[in-house]
Amino acid sequence: MERREGGNVEQYQLDNTVNNPDLVPELFSLELLTLMKAEPKLTLFQNTWLVGVTKTNGSSPEAPGTITSAILENQGSQRRYIVKAKAYIDATGDGRLGVEAGAEWVQGREGAAQYNESLAKLG
């Protein structure tokens with residue numbers, strides 16, 4: 001029951017607890033914005049959604065290709081961004097980057113036998 005995130009998540013939660021004791025959502029957003037702007041190598045795209053990726057052609061189903069850019073859109077400003085990076089991390093919350101890149105995915109829970117998990121709940 002005492003589980004919690006560590007690292008950066010804990011940092012912004014603690015900062016929010018001190019700076020926003022009434023838990024006002026707009027102040028929480030401002031707290032996150034302040035922390036992100038303090039990171040020199042971070043580019044922040046607010047209110048922007050991933051809408052696609054470009055990738056290299058893979059040589060086989062086992063080597064499906066590599067993402068070469070992510071395509072983002074801000075619907076409010078009607079701006080489209082093409083982001084190129086050395087690595088891509090799917091933090092979309094719904095797995096959109098992985099799906100756009102062609103990664104395998106599963107909806108729901110797999111059976112306990114699939115990964116030989118003896119402690120997984122059955123049924």
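The values are calculated or read from the model by the stated rules, or taken from the named source; none is laboratory data. Bear in mind the structure is a predicted one, so any value in this text is a computation, not a measurement. Here the Cβ is made from the backbone with ideal geometry for all residues, glycine too, and neighbour counts use every protein chain on show. Areas reflect the complete protein model, heavy atoms only, side chains present, ligands, DNA and RNA absent. Shrake-Rupley method; radii C 1.70, N 1.55, O 1.52, S 1.80 Å.
The table for this structure:
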{"quantity": "ARG96 in contact (Cβ under 8 Å) with a residue 40 or more places away in the chain and of a type in the set (Lys, Arg)", "calculated": "yes"}
{"quantity": "Residue list for the stretch 67-122, filter: farther than 16 Å from VAL51 by Cβ and among the small types (Gly, Ala, Ser)", "calculated": "ALA85, ALA87, ALA103, GLY108, GLY111, ALA112, ALA113, SER118, ALA120"}
{"quantity": "Residue among ALA91, ALA103, ALA85, ALA38 that is of a type in the set (Gly, Ala, Ser) and within 14 Å of the chain's Cα centre (by Cα)", "calculated": "ALA91"}
{"quantity": "Meets criteria (more than 21 Å from GLU100 (Cβ to Cβ), part of a helix (DSSP H, G or I) and acidic (Asp, Glu)) for ASP22", "calculated": "no"}
{"quantity": "Residue list for the stretch 76-91, restricted to those being open to solvent by 60 Å² or more (accessible area, probe 1.4 Å) and either out of contact with any strand residue (DSSP E or B) (no Cβ under 6 Å at 6 or more places or on another chain) or of a type in the set (Val, Ile, Thr) (or both)", "calculated": "GLY76, GLN78, ARG79, ILE82, LYS86, ALA87, ILE89, ASP90, ALA91"}
{"quantity": "Number of positions in the stretch 15-66 that are open to solvent by less than 40 Å² (accessible area, probe 1.4 Å), touching a strand residue (DSSP E or B) at 6+ places or on another chain (Cβ under 8 Å) and modelled with pLDDT of 85 or more", "calculated": "4"}
{"quantity": "Sole exception among (1) open to solvent by less than 50 Å² (accessible area, probe 1.4 Å); (2) touching an Asp or Glu at 6+ places or on another chain (Cβ under 8 Å); (3) part of a strand (DSSP E or B); (4) within 27 Å of LEU30 (Cβ to Cβ) for GLU73, by number", "calculated": "(2)"}
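Yes or no, residue by residue, for (1) of a type in the set (Phe, Trp, Tyr); (2) in a helix (DSSP H, G or I); (3) under 28 Å from TYR12 (Cβ atoms):
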{"site": "LEU33", "(1), (2), (3)": "no, yes, yes"}
{"site": "GLY52", "(1), (2), (3)": "no, no, no"}
{"site": "SER77", "(1), (2), (3)": "no, no, yes"}
{"site": "GLY108", "(1), (2), (3)": "no, no, no"}
